[in-house]
Amino acid sequence: MFRFFSMEPKWRGLLLCAVCLTVALTGCALWFSHATANAASQSSAAANSDGVMILLGLADKAFDDHDLVAPGGSNMYEFYLSVLQLDPNNTVAIERMKQAFEPASRDVEGAASGGDLDEADREIRLLRDYDVNHNSGKNNYKLDLLGSYIDAQRHQLKHKHEVLAPLIQGQQAARNAISN
């Protein structure tokens, strides 16, 4: 401290100006970083909002077209589940999936009845994703029944293939014997 007062007045003024300039530049840098962070979070929120609006529009169209769980990649449940990733409390998405649960369950059952078991598995996974996260287990018994039905259909198909395999092998052996 004593040295500061013993300096020549011009050096003391220069040192004081340098300290003031350093403090001012540091303050500006802090303000700029804070303003930039706020702008980035606001633009991120706006982008999320735009994304949610786009996904809600796609989901509503899929709902109107009765594309509840199919086709894969372009159905109501996938769109609404994407909305919930961006906005976990989106009441529109939650309510629409709740309304569509029964008809979507019938669609899964139809896919299984039609023999498209891989598609039925994909569709039931969508319903389970919704049910686990937003329905508090209310419809788990329906999903369990659907899962059991799909498993039974798969077992029945396997049995059918096991019965047909010896017949096909016999036909193949007969063709080989004729050609030799």
- For the residue pair residue 19 and residue 141, what label-to-label distance in nm results when each label sits 7 Å from Cα along the Cα-to-beta-carbon direction? 7.9
- Query: Which of the aspartates and glutamates could be linked to residue 142 by a straight reach, that is with a Cα gap under 12 Å, when you skip same-chain ones fewer than 8 residues away?
  - Reply: 102, 109, 131
- Query: In which sequence would 175, 128 go, from the one with the fewest C-beta neighbours within 10 Å to the one with the most?
  - Reply: 175, 128
- Item | Extension gain (nm, one decimal) between residue 174 and residue 157, 0.36 nm per residue minus Cα-Cα | 3.6 nm
- Query: Whose amide H sits under 5 Å from the amide H of residue 68, counting only residues 5 or more places off or on another chain, with H placed in the peptide plane?
  - Reply: 76
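Computed from the coordinates by the stated procedures, all read-outs in this text should not be read as laboratory data. Keep in mind that this is a model prediction, so the values were computed, not measured. Cβ atoms come from the backbone with ideal geometry, glycine included; neighbour counts cover every protein chain shown.
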